[in-house]
Structure formats: C-alpha cells, structure tokens
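Below is one structure, written out as structure tokens; the observations come after it.
The values are calculated or read from the model by the stated rules, or taken from the named source; none is laboratory data. Remember, predicted model here, so these are calculated numbers, not experimental data. Don't worry about glycine lacking a Cβ; one is built from the backbone with ideal geometry, like all the others, and counts go over all protein chains shown. Heavy atoms of the whole protein, side chains included, go into the accessibility calculation; ligands, DNA and RNA do not. Shrake-Rupley method; radii C 1.70, N 1.55, O 1.52, S 1.80 Å.
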Amino acid sequence: MLKKQYLEDKKTCNVTFSIDHGAAEAAETISLVGDFNDWDNAANPMKRIKSGGFSTTLKLPCGDSYQFRYVIDGSIWENDADADGYVPSPFGSDNSVVEVPTQ
C-alpha cells in the first residue's frame, strides 16, 4: 500500500510504503528497493508494525515516477498490489511504480 503526504515546500513528498500482514506474516525481513536507492537491498529496510506488516517512509522529489519492489527475506521479490502502475523490468517481470506528481 502507498500513502503520500506532500510537504509544504511542494517539492517533496513523504511516501509510506507498506506491505500487509498477510503477505508479510512469515517474513523475517523486508526491504524496499527501487531506482531511488539503486536497487540496494540494504538501503531501506522496512520495520515491522503492530498489525504484523512492514512499513517505511521515504522523502521523494515531486515531479517524477519511481520503480520499486519489496525483497522478502533477501530473495523473494514482490510487487505492491496497490502501486500506481507497473512497468516491465529487464528481468522478465514487472516493477511497481509510484507516481509523485508536482502539486
């Protein structure tokens, strides 16, 4: 799930990325990877939340779209079912997309 909160400067948006407890309940770790962090599995580890899912929030510049995926336990790559869209990846699957338009 994606939640967007635009900041007062209207140049930046806090985007909260969440994966629900159903998809995450057996996971030990989940990381957020994407073109905003060079697909680095260690850059944005997600934290387990009270509901049993995982969540993290990033500040992203407005006026662009970003490809991303979740990496579960270091090896399982998952998309976000509530992404703004999907694009083909060079690996034969799709990447999730989050749109952060200028306000």
**Request:** Go through Phe91, Phe68 for me and flag whichever is out of contact with any His (no Cβ under 9 Å at 6 or more places or on another chain) and at pLDDT below 95.
**Result:** Phe91
**Prompt:** What is the number of the single condition among (1) out of contact with any Pro (no Cβ under 8 Å at 6 or more places or on another chain); (2) open to solvent by 30 Å² or more (accessible area, probe 1.4 Å); (3) of a type outside the set (Ser, Thr, Tyr) that Asp94 does not meet?
**Reply:** (1)
**Request:** Being surrounded by fewer than 16 Cβ atoms within 10 Å (Cβ to Cβ) and not hydroxyl-bearing (Ser, Thr, Tyr) is the filter here, so list the residues in the range 49-59 that pass it.
**Result:** Ile49, Lys50, Gly52, Lys59
**Inter-residue pairs, beta-carbon under 8 Å, first within 13 Å of Gln67 (Cα to Cα) and in the range 22-47, second assigned to a loop (DSSP other than H, G, I, E, B) and open to solvent by less than 30 Å² (accessible area, probe 1.4 Å), 6+ apart** = Leu32/Asn44; Leu32/Met46; Val33/Asn44; Asn37/Asn44
**Item:** Residue satisfying all of: in the range 1-35; β-branched (Val, Ile, Thr) and closer than 10 Å to Phe54 by Cα; least open to solvent (accessible area, probe 1.4 Å) among these
**Value:** Ile30
**Complete:** If we ask which residues in the range 60-75 are more than 23 Å from Leu7 (Cα to Cα) and either touching a residue at least 24 places away in the same chain (Cβ under 8 Å) or crowded, with 18+ Cβ neighbours inside 10 Å (or both), their number turns out to be 6
**Request:** May I ask you to list pairs of residues, at least six apart or on different chains, whose Cβ atoms are under 6 Å apart, with the first in the range 82-95 being in contact (Cβ under 8 Å) with a residue 24 or more places away in the chain and the second being in a loop (DSSP other than H, G, I, E, B) and surrounded by 11 or more Cβ atoms within 10 Å (Cβ to Cβ)?
**Result:** Asp82/Met1; Asn95/Ser89
**Complete:** By residue number, the members of the range 36-48 that are open to solvent by 70 Å² or more (accessible area, probe 1.4 Å) and farther than 22 Å from Asp84 by Cα are Ala42, Lys47, Arg48
**Request:** Restricting attention to the range 1-15, report how many residues are modelled with pLDDT of 95 or more and either under 20 Å from Asp73 (Cα atoms) or touching a helix residue (DSSP H, G or I) at 6+ places or on another chain (Cβ under 7 Å) (or both).
**Result:** 0
